[in-house]
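First the structure, in the form of structure tokens, and then the observations on it.
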Amino acid sequence: MTPELRQLRYFVAVAEESSFTRAAARLTIAQQSLSQQITLLERMVGAKLFDRDSRGTALTEVGAVFLPEARAVLARADAAMGVVGQAVRGEAGQLRLAFLATTANYLLPPVVRAVRERLPELRLSTEETTISQLVEGITSGRYDIAFSRPPLVDTLATGR
């Protein structure tokens with residue numbers, strides 16, 4: 001059985017605070033709930049993760065081995081959420097750009113340069129095409145964006 005991210009966060013908090021009370025306050029959960037989740041986690045891993053006594057809470061040897069692994073999993077989960085956020089904002093993923101030869105020399109180089117500088121996680125592909133292929137590619141979804149010149153096509157949204 002694999003622990004939940006929540007349990008790993010709880011484990012790391014207790015390890016960092018060396019106290020169930022402070023960890024529970026930091027996590028804004030009841031100390032009893034925190035203790036129950038750590039007990040479940042210890043059952044899952046098959047070992048005691050903390051030594052608890054009147055002076056506080058300390059990691060066991062197994063807990064000390066587990067801590068960097070738990071932190072790495074949490075960091076990777078946070079990074080994954082960051083990448084998803086970038087994709088949602090259009091800052092990561094793929095952008096397929098079509099252009100006409102007449103727009104390439106003056107418009108394309110500064111745009112490509114700016115995109116690569118400001119959005120390094122965004123993969124930009126460019127393709128020179130004709131106006132009819134550009135319109136078909138935009139309407140079919142083959143291209144995400146296109147650089148054209150007047151006359152504009154009535155069925156496409158344009159920005160000037």
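The values are calculated or read from the model by the stated rules, or taken from the named source; none is laboratory data. Since we're looking at a predicted model, the values are computed, not measured. Here Cβ is always computed from backbone atoms with ideal geometry, including for glycine, and neighbour counts include all displayed protein chains. Ligands, DNA and RNA are excluded from the accessible area calculation, which covers all protein heavy atoms including side chains. Shrake-Rupley method; radii C 1.70, N 1.55, O 1.52, S 1.80 Å.
Return a whole-number percent for the relative contact order of the chain, with Cα pairs under 8 Å and 6 or more residues apart as the contact set.
18 percent
Measure off, as a whole percent, the carbon and sulfur share of the 1.4 Å-probe accessible area of the range 37-160, all protein chains present.
56 percent
Have a look at Ser132, Ile145, Ser35 and report the one farthest towards the positive end of the charge dipole of the chain, computed about the Cα centre with Cβ charges (Lys/Arg +1, Asp/Glu -1).
Ser35
I'd like the distance separating the alpha-carbon centroids of the range 52-89 and the range 1-49, in whole Å.
11 Å
I'd like the orientation of helix 5-17 relative to the chain: the angle between its Cα long axis and the longest Cα principal axis, in ° from 0 to 90, rounded to 10.
Result, in degrees: 60.
Just check the chain against the gyration tensor rule for me: Cα atoms, a ≥ b ≥ c as the square roots of the eigenvalues, rounded for a/c under 1.5, and otherwise prolate or oblate depending on whether a/b exceeds b/c.
prolate
Excluding ligands, DNA and RNA, what is the solvent-accessible area per residue of the range 1-82 at a probe of 1.4 Å, expressed in Å²?
The answer is 61 Å² per residue.
If each of Met1 and Val45 carries a label point 7 Å out from its Cα toward its Cβ, how far apart are those two points in nm?
1.6 nm
Using a Gaussian network model of the chain with C-alpha springs under 10 Å, which one of Ala77, Ala104, Ala13 is most mobile by mean-square fluctuation?
Ala104
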